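The structure appears below as structure tokens.
Every number in this text was worked out from the coordinates using simple rules, so none of it is lab data. Predicted, not measured: the structure shown is a model, and the values here were computed from it. Positions of Cβ are backbone-derived with ideal geometry, glycine not excepted, and every protein chain shown enters the neighbour counts.
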Amino acid sequence: MNTYIAFLRGINVGGKNCLPMKELVARLENIGAKRVRTYIQSGNAVFQSAERNPLELSKHLAAEIKKNHGFECHVLILELEAINRAIANNPFPQGETDPSSLHLGFLASTPKKPDLNELNRLRKESERFHLSHKVFYLHAPDGVGRSKLAASLERLLGVPMTDRNWRTVCQVRELAREQMATPK
């Protein structure tokens, strides 16, 4: 069995696209996931599956949600190694002391032509960012909610992404590690 992390974007926000975590567990189990655990209500899950292709799992889960709940959401499924790499390669370790100020945007693919000039133009003086393969790191000490840069990321990168703060990324990784260490 392979251990995976699922990040869903755009659920349970402002009363729209409601998907209780019990329902997310059921949807994952319907596509063959085992030992599913969720973390907070924003669409984070750790699970095991015999499927070897995370992209196929993403497509199946998105279709399952659409069929059973009537809305589409972006689903990104990653292997634990991708999360480990993202954490190890954090270019802003000083942001770890305030985990809500450090965000990792997990990208569906590597951007072919990101608009780095516009990203820099929108960046506040206090903000820093770094694009590394399929992760966009944003350190926004003044808050990501007020960041013009954060609001425009997906459009300027040109690929779908889902964003998690440092605390969530670390907690989800810990769940995945526990999943791997615990006998079936």
Interchain or long-range residues, amide H under 5 Å from Asn2's placed H: Ser49, Ala50
GNM result for the chain, Cα springs below 10 Å: residue of Phe129, Phe92, Phe47 fluctuating most strongly: Phe92
The chain, helix-only ellipticity at 222 nm - DSSP H runs n ≥ 4, -39,500 (n - 2.57), divided by all residues, nearest 500: -11500 deg cm²/dmol
Between helix 21-30 and the chain: long-axis angle, C-alpha atoms, 0 to 90°, nearest 10: 60
Selection from Leu131, Thr110, Ile87, by position along the positive dipole direction of the range 84-166 (Cβ): Thr110
Folded to 0 to 90 degrees: helix 54-69 orientation relative to the chain principal axis, Cα: 80
Which listed pairs, of Lys59/Lys124; Lys22/Lys112; Lys67/Lys124; Lys67/Lys113; Lys16/Lys134; Lys22/Lys59, have C-alpha distances above 31 Å, in listed order: Lys59/Lys124; Lys22/Lys112; Lys67/Lys124; Lys67/Lys113
Residues Lys16 and Glu178, FRET efficiency given R0 of 25 Å [Cβ-Cβ distance, rounded to 0.05]: 0.20
About the Cα centre, charge dipole magnitude for the chain (Lys/Arg +1, Asp/Glu -1 at Cβ), debye: 240
Residue among Ser147, Leu122, Pro160 farthest towards the positive dipole end of the range 84-166, charges placed on Cβ: Pro160
Most fluctuating residue given options Gly70, Gly105, Gly95, as computed from a GNM of the chain linking Cα atoms under 10 Å: Gly70
C-alpha long axis of helix 148-157 to longest principal axis of the chain, angle in °: 70
